[in-house]
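Peer 1: Handing you a structure now.
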Amino acid sequence: MSKLNFLEHFIKRLMPYRRPIIVLAHAGFIALAYLLAVLLRFDFRIPPSLWDNFLYTLPLLLVIRLGVFWWCQLYEGMWRYVSMRDILRILRAVTIGSLVFIPAVLAFFGYGFPRSIFFLEWVLCLALVGGVRLVSRALRESSRRYRQVSTKRALIVGEIGRAHV
């Protein structure tokens, strides 16, 4: 069995579990974006007190973002057919999630929580969630299997009607 056939067979076997897999992927992207935002903010030297804050706020962020993603219907559709409408839906969902998460964190931790993390996390989450879908579509379109193998030329003969003025 070739690699392409094996991959297609594997993907077909996973299709009934597509939605839970997407939710898990989103949860991973959200956690990774948040971790990278904290690491970038502190030049990869995170103070111990902020680790505690990170661990307390990560579940809150996951619940908020996954709930907003569900509300914005990001679990519908196929990644390989992503369109501009889908990217705008992702932008809206990530932004709404941030607008809910920020006041919640500030209510618990006050203004001692680094606010730059919110912006970094927003950008990274948008890049990961949207970028994976765009890469999926790009890979599908660049696949040899979906390219048109041969083309036929056609000549259309007819008369163009004149516009009546």
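Peer 1: From the list PHE108, PHE29, PHE44, which one is surrounded by 16 or more Cβ atoms within 10 Å (Cβ to Cβ) and either within 14 Å of the chain's Cα centre (by Cα) or free of Cβ contacts under 8 Å to residues at least 60 places away in the same chain (or both)?
Peer 2: When all the criteria are applied, what remains is PHE29.
Peer 1: Ok, one more. Looking at SER98 and the list (1) in contact with an Asp or Glu (Cβ under 8 Å, 6 or more places away or on another chain); (2) at pLDDT below 80; (3) surrounded by 18 or more Cβ atoms within 10 Å (Cβ to Cβ), which single condition is not satisfied?
Peer 2: (2)
Peer 1: Would you pick out the residues in the range 17-26 that are more than 23 Å from LEU120 (Cβ to Cβ), of a type outside the set (A, V, I, L, M, F, W, C) and either open to solvent by 100 Å² or more (accessible area, probe 1.4 Å) or modelled with pLDDT of 80 or more (or both)?
Peer 2: Across the range 17-26, the qualifying residues are TYR17, ARG19.
Peer 1: Restricting attention to the range 47-80, report how many residues are open to solvent by 40 Å² or more (accessible area, probe 1.4 Å), among the aliphatic types (A, V, I, L, M) and not in a helix (DSSP H, G or I).
Peer 2: Looking only at that region, the number is 1.
The values are calculated or read from the model by the stated rules, or taken from the named source; none is laboratory data. Remember, predicted model here, so these are calculated numbers, not experimental data. Because the Cβ atoms are built from the backbone with ideal geometry, glycine has one as well, and the counts that use them run over all protein chains shown. For accessibility, only protein heavy atoms count, side chains too; no ligands or nucleic acids. Shrake-Rupley method; radii C 1.70, N 1.55, O 1.52, S 1.80 Å.
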